[in-house]
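First comes the structure, then the notes that go with it.
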Amino acid sequence: MKKKNITRSVLSLLLVALLGLSVTGCGNAQAPTLTDENTNAEASASARPSDTPAEEIPAANTPASDSSSAVQPSSALPVKALHPKQVEENPYMAKSDANIHHDGYNTDSTDEILPLGIYPEINVSYETTNANASPAIYFDSYGHAVVPLLGGIAIRDLNAEETQTLGYFSPKQHDGGEYIIQSSYTFLDSENRIVCPTSNNHVLMLRTTDEDGNVLPEFEKVLDIDIKAASEAALGRTLEQNLLSVVFDYEGNLWFATGGFRIYPERKQQGVVGYIDHEAIDTILDGGQADLSKAVYVHELTPGEGAENGIAASREGAVILTNQNCYLLRAENGVEIVWCTPYESIGAKVSGENDKTTGGGLAWGGGCSPSLTPNLVMFTDNQDPVNLLALDMKTGTIVAECPVLDDLPDGYQVAVENSAIVYDDGEGTVSTIVCNWFGAGNAGLADPDNDSSIQSYANIYDTNWLTKGNIMIAPGVERIDTVKTKNGYEMKSIWCRNDLSDTSILKLSTATGYIYGYVQDLSSGMWQYIILDFETGETVFTMDVSNKYGYNNMAIGMYTGNSGNALYCPTGYLELLRLQDRFAYLPEMPYRKIDLDQASRHVLSQEQFTAAGGAGSVAGWLNTISIRNVHPNTTVAFRMNNLSGSVSDLTLYAYNAAGILTPVASELWKITSEDGQTVTELTDGTLYEVRITVADNGDLDLNEVEKEIRLSVVLGK
């Protein structure tokens, strides 16, 4: 692939030649993986960073112990933490990764910790209810996973050996309706209620927990508004498009858009964008009656214009991308169009005679939901080549644009159908990771009688892709940086990969500094977890799952758990996979395997550390573990590789029952190498063990139950 220079910067063309000298070339080769034709998710999978010889790989589930002289060093990835993402909290959304794209900015990034290859393993939850493995969409503030279930929505235990339903809402069973919930564009509000559009054009709000966070076996429907009927009444005419997506703005107004996956302008379907006033919503939630004729406001779109993806929201308003325009909208006793920026598209893309795929793209216009930073709106158009556009949040002016994935091998097209990762480092650089998706979409969506708002495998996805795998997906993953300069904005390609085909919606962890995916190795047919270095795009870790076609992830995005140690991926074989690090174990009892689902790692901010009683600066992650059937005194080891400096400068803190961090007595803890030898100096990137001896019902034990221990510790410096 040829090198790509900075291109078409709107405000600063004079710097093109200079900056082009530093751009990284494309087409890095994927690192080799260990392949076993009989490997599947039920067995220990092979895993290693790309530069580790096979003979150095430790068993993924074998803990080290003091008595073992054959312990092999771990090949864990070094932590490359980034600044937390720049997303201003929406007061009307849950304080969690509250939607399919993690936040209201649609960044597809998380500040949670994800696995680093510390004695990694893949665990499985089996599905016996849904037709496919349960795809979680998001987590509420209590840590419950909210997932689709048989046309409805549920809270389920995704870590149980067999996926368990804790509470749910079924339209057919609980509402007597034949509609389904459109789960892709649901989200959680600040009260942990599920807000969801339905296939019959209603928006529902469902109460899922009681005041203490306990899951209700049957969710309570607390709001039900017929959006289409209310919009038609306000508009004075019939709508041909169906409700697609909803989101709260920062004032509590519920914005909505009509559309589908392919909105053909020539078919002249009538659509709208609009909102429900927050006062009307509050009235309904308080048990009153709201006059929707005075509370639903709409803007009529040009016939043939409609949304094809989700909505984003920031303090500036709601951002909606249609098949022809990008809008910033505000609620001002009506829909105020702050700006409207048109963009170009060559129309819905389908495979041609000489293409290596049989499917196509999903959208007529730009295929990804818009993603936001505090100052920019980012999205791709649908030209040939596809361009990444950066718009000024306040004015809608296109401040920079750049072609992406524009030099693929012959026989491939480009359609960016999943929202891009957008990461604002807070220091003037916005990094956007775009992925090609062309080939996964059902070419039959082009049929005039096809209802593109129906979200089903048969309607959306190409049959050949579902059965033959990622050989039917056009390749391409690229990182483009938008850099603020004194003259405006510049775009440049940092790295690009034309050897990866992704449908899993890549995720970025700012805590680790890596990009996470699930792909298929086309040379072996092996489906595998994959980790890319954010800085270079190189493959630094793979872990094999299976070479059976049913381990296709079904184009459902992966999702990050809220434990700091789980990356979930659904498959077509009714197995929900989760990649996890065995970062905690019992060195005195190597035969005992700690339940990883009872262990967690979290980034503890300096503010949180100080507020809880910590002195100095926080020097590591907060590690928490629960263990049953313990001995009176038990040694727990936490594996960490983000430590440096002198051990004598460190203090280990533990939370007490009152939520206060208290220093752990020096005789109760130490830092060792992996073979159990005490160390005094630490090198960043080396895996060490923080070993703590805790007494059942002692000062460090947060669990009052006999023979059970709960321990939560963090290092300070």
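The values are calculated or read from the model by the stated rules, or taken from the named source; none is laboratory data. This structure is a prediction, so every number in the text was calculated from the model and none was measured. With ideal geometry, Cβ positions are generated from the backbone for all residues, glycine too; neighbour counts draw on all protein chains shown. Keep in mind that these areas ignore ligands, DNA and RNA; they rest on the heavy atoms of the full protein, side chains included. Shrake-Rupley method; radii C 1.70, N 1.55, O 1.52, S 1.80 Å.
Mind listing just one residue for me: the one in the stretch 472-486 that is among the β-branched types (Val, Ile, Thr) and surrounded by 22 or more Cβ atoms within 10 Å (Cβ to Cβ) and, of those, nearest to residue 428 (Cα to Cα)?
So the residue we want is 482.
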- Note on the structure: Residue hits (the stretch 204-230; aliphatic (A, V, I, L, M), in contact with an Asp or Glu (Cβ under 8 Å, 6 or more places away or on another chain) and either closer than 23 Å to residue 257 by Cβ or without any contact (Cβ under 8 Å) to a residue 12 or more places away in the chain (or both)) are 204, 205, 206
- Item | Selected residue (criterion: nearest to the chain's Cα centre (by Cα)) from residues of the stretch 579-594 that are closer than 16 Å to residue 635 by Cβ and of a type in the set (A, V, I, L, M, F, W, C) | 583
- Top-ranked residue in the stretch 685-702 [being open to solvent by 40 Å² or more (accessible area, probe 1.4 Å) and among the hydroxyl-bearing types (Ser, Thr, Tyr); ranked as nearest to residue 654 (Cα to Cα)]: 693
- Hey, can you tell me all the residues within the stretch 335-344 that are buried (at least 17 other Cβ atoms within 10 Å of the Cβ) and closer than 21 Å to residue 296 by Cβ? 335, 338
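Considering each residue of the stretch 324-339, count those that are assigned to a strand (DSSP E or B) and under 13 Å from residue 305 (Cα atoms), and give that number.
From the stretch 324-339, those assigned to a strand (DSSP E or B) are 325-331, 335-339; that's our starting set.
With under 13 Å from residue 305 (Cα atoms) added as a condition, the list becomes 325-327.
Summing the residues that are assigned to a strand (DSSP E or B) and under 13 Å from residue 305 (Cα atoms) in the stretch 324-339 gives 3.
One line per residue, one yes/no per condition, for (1) among the aromatic types (Phe, Trp, Tyr); (2) open to solvent by 60 Å² or more (accessible area, probe 1.4 Å); (3) in contact (Cβ under 8 Å) with a residue 12 or more places away in the chain:
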| position | (1), (2), (3) |
| --- | --- |
| 273 | no, no, yes |
| 287 | no, yes, no |
| 310 | no, no, yes |
| 330 | no, yes, yes |
| 333 | no, yes, yes |
| 346 | no, yes, yes |
- Note on the structure: Filtering the stretch 169-207 for residues that are polar (S, T, N, Q), over 27 Å from residue 250 (Cβ atoms) and out of contact with any strand residue (DSSP E or B) (no Cβ under 7 Å at 6 or more places or on another chain) leaves a count of 3
- Using the structure shown, decide if residue 682 is within 20 Å of residue 628 (Cβ to Cβ) and not charged (D, E, K, R). no
- Residue count, the stretch 658-684, condition open to solvent by less than 80 Å² (accessible area, probe 1.4 Å), at pLDDT below 95 and over 21 Å from residue 641 (Cα atoms), comes to 1
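In the list 628, 639, which residue meets the criterion of being in contact (Cβ under 8 Å) with a residue 60 or more places away in the chain, open to solvent by less than 50 Å² (accessible area, probe 1.4 Å), of a type in the set (Lys, Arg) and closer than 30 Å to residue 160 by Cα? If you could, list the steps in order and put the result at the bottom.
Numbers: 628 fails: open to solvent by less than 50 Å² (accessible area, probe 1.4 Å).
Result of the check over 628, 639: 639.
Here are some residues: 191, 218, 161, 211. Which one is in contact with a helix residue (DSSP H, G or I) (Cβ under 8 Å, 6 or more places away or on another chain) and surrounded by fewer than 21 Cβ atoms within 10 Å (Cβ to Cβ)? Walk me through how you get there before you give the answer.
Details: 191 fails: in contact with a helix residue (DSSP H, G or I) (Cβ under 8 Å, 6 or more places away or on another chain); 161 fails: in contact with a helix residue (DSSP H, G or I) (Cβ under 8 Å, 6 or more places away or on another chain); 211 fails: in contact with a helix residue (DSSP H, G or I) (Cβ under 8 Å, 6 or more places away or on another chain).
Answer to the selection: 218.
Select, from 559, 573, the only residue that is modelled with pLDDT under 95 and surrounded by 24 or more Cβ atoms within 10 Å (Cβ to Cβ).
On the way: 573 fails: surrounded by 24 or more Cβ atoms within 10 Å (Cβ to Cβ).
Testing whether each residue is modelled with pLDDT under 95 and surrounded by 24 or more Cβ atoms within 10 Å (Cβ to Cβ) leaves just 559.
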- Note on the structure: Of the listed residues (654, 619), the one being open to solvent by less than 20 Å² (accessible area, probe 1.4 Å) and either touching a strand residue (DSSP E or B) at 6+ places or on another chain (Cβ under 8 Å) or under 10 Å from residue 714 (Cβ atoms) (or both) is 654
- Query: When the stretch 490-521 is examined, which residues are found to be open to solvent by 10 Å² or more (accessible area, probe 1.4 Å), touching a strand residue (DSSP E or B) at 6+ places or on another chain (Cβ under 7 Å) and among the charged types (D, E, K, R)?
  - Reply: 492, 521
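Name every residue in the stretch 303-317 that is assigned to a strand (DSSP E or B) and either under 15 Å from residue 271 (Cβ atoms) or within 21 Å of the chain's Cα centre (by Cα) (or both), in order of residue number. Spell out the reasoning first.
Kept after step one, since they are assigned to a strand (DSSP E or B), are these residues of the stretch 303-317: 307, 312-314, 317.
Matches in the stretch 303-317: 307, 312, 313, 314.
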- Task: Filter the stretch 370-386 for residues that are outside any strand (DSSP E or B) and within 18 Å of residue 426 (Cβ to Cβ) and give the result.
- Result: 373, 374, 375
- Task: Quickly run through the stretch 414-446 and pick out the residues that are open to solvent by 20 Å² or more (accessible area, probe 1.4 Å), closer than 25 Å to residue 100 by Cβ and among the polar types (S, T, N, Q).
- Result: 418, 442
- Does residue 456 meet the test of being buried (at least 16 other Cβ atoms within 10 Å of the Cβ), within 22 Å of the chain's Cα centre (by Cα) and polar (S, T, N, Q)? no
